[in-house]
Amino acid sequence: MATYNKRGYKTPKEKEEKLDTNVIEDVNVDEKDSTTAGVFNSLDQTASKTEEFVAKNQKYIFGIVAVIALVTVSYLLYQKFVAQPNEETAANEMFEAQQNFQKAVDGTKSDSLFNLSLKGAEGKFGFKDIAEKYSGTDAGNLANYYAGIAYLNTGKYDDAIASLGKFKSDDAILSVLAVGSIGDAYSQKKQQKEALEQYIKASEMNPNDFTTPRYLLKAGQTSLALGNKADALKYFTEIKEKYESTPEASNVDALIGLAQ
């Protein structure tokens, strides 16, 4: 059967299929996002385990906290009601002894005043008792130094060594003088090797223009007495090169000549 198109007739176009614009595109999961998620999961698990640990051991944990708090409070109370009053008492006790010590150093009846400073006077303790009874205080520590020097000046060299050995200080001068004075005590006991060790130690501590050349000189003189000229020359030369403006350098050329 024949078909025909009427003039002007157009074959209708097929309807275009509408595109669904609501298509969900494939989502690529970033590796970093995955790692982050894993980290958070791990943190959650760790937190859960921590909570379990705390729950199981809370009595033990609270006990530790209580002990720390008790120690802290005890320390503060000790400082306020024991240490501080002891410091003040020791300082007050030491005033009279210091006065006698200074008079002895100035040359007024030295031996008797040094002994008074050690044993006490006017109802006050001397350095010996202060060092023993207030050993945990700054004043008690300083009393060891005073006692050591007093013993040294009254010929009690073993006592001087013992007292000075107990003295501890960060002071750049006193700490050196204590060590050097131990050397002096050994020197008086004719123990020159021990004296030399202390002089060398003192000369190397806290270098300065006051104590360093002083103990370099004593180290050099002691080395000469022991027959160690090479060592003596080294100590004397150091004075000449590094401390030429000090009193110890005034006669060091002659000593260098003896050591050569």
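Per-residue packing, averaged as other Cβ atoms within 10 Å, sorts the ranges 143-151, 87-95 into the order 143-151, 87-95, beginning with the highest. The GluC sites (Glu not before Pro) of the stretch 188-260 that meet both conditions, a loop assignment by DSSP and at most 14 other Cβ atoms within 10 Å of the site Cβ, are Glu244. Computed from backbone phi, the HN-Hα couplings of the stretch 135-144 come to 5, x, 10, 5, 5, x, 5, 5, 4, 4 Hz, rounded to whole numbers (Karplus: 6.51 cos²θ - 1.76 cosθ + 1.60, θ = phi - 60°; Gly and Pro given as x). At the residue level, Asp106 shows approximately 110 square angstrom of accessible surface with a 1.4 angstrom probe and all protein chains present. Report the net charge of residues surrounding Tyr134, where surrounding means a beta-carbon distance below 13 angstrom and charges are Lys +1, Arg +1, Asp -1, Glu -1. Residues near Tyr134 contribute -2 overall.
In this simple spin-label model, placing a label point 7 Å from the Cα along the Cα-to-Cβ direction at both Gln98 and Ala172 gives a separation of 2.2 nm. Ranked by the mean number of other Cβ atoms within 10 Å of their residues, highest first, the peptides 175-185, 117-127 fall in the order 175-185, 117-127. Could you work out the local net charge near Tyr215, counting Lys and Arg as +1, Asp and Glu as -1, over the other residues with Cβ closer than 15 Å to its Cβ? Net of charged neighbours comes to -3.
Taking amide H positions as modeled 1.01 Å from N, with prolines and chain starts lacking one, the residues under 5 Å from Gly120 and 5 or more places away or on another chain are Gly126, Phe127. Less than 5 angstrom separates the built amide H of Ser169 from none of the residues sequence-distant by 5 or more or on a different chain. Seen from Ala185, the other residues with C-beta closer than 10 Å to its C-beta sum to a net charge of -2, counting Lys and Arg as +1 and Asp and Glu as -1.
Residues Ser203, Ser135 ordered from highest to lowest accessible area at a 1.4 Å probe: Ser135, Ser203.
3J(HN,Hα) along the stretch 220-236: x, 5, 5, 4, 4, 5, 8, x, 9, 5, 4, 5, 4, 4, 4, 5, 5 Hz, from the Karplus curve 6.51 cos²θ - 1.76 cosθ + 1.60 with θ = phi - 60°, whole Hz, x for Gly and Pro. For the stretch 145-155, putting each phi into the Karplus relation 6.51 cos²θ - 1.76 cosθ + 1.60 with θ = phi - 60° gives couplings of 5, 4, 4, x, 5, 5, 4, 4, 7, 10, x Hz, in residue order, rounded to whole numbers and with x for Gly and Pro.
Each 5 Å bin from 0 upward holds the following percent of the Cα-Cα pairs of the stretch 145-247: 2, 15, 24, 22, 19, 12, 5, 0.
The values are calculated or read from the model by the stated rules, or taken from the named source; none is laboratory data. What you are looking at is a predicted structure, and each value in this text was computed from that prediction instead of being measured. As a convention, Cβ positions derive from the backbone with ideal geometry for all residues, glycine included, and neighbour counts pool all protein chains shown. Just so you know, the surface numbers come from the protein's heavy atoms only, side chains and all, with ligands and any DNA or RNA stripped out. Shrake-Rupley method; radii C 1.70, N 1.55, O 1.52, S 1.80 Å.
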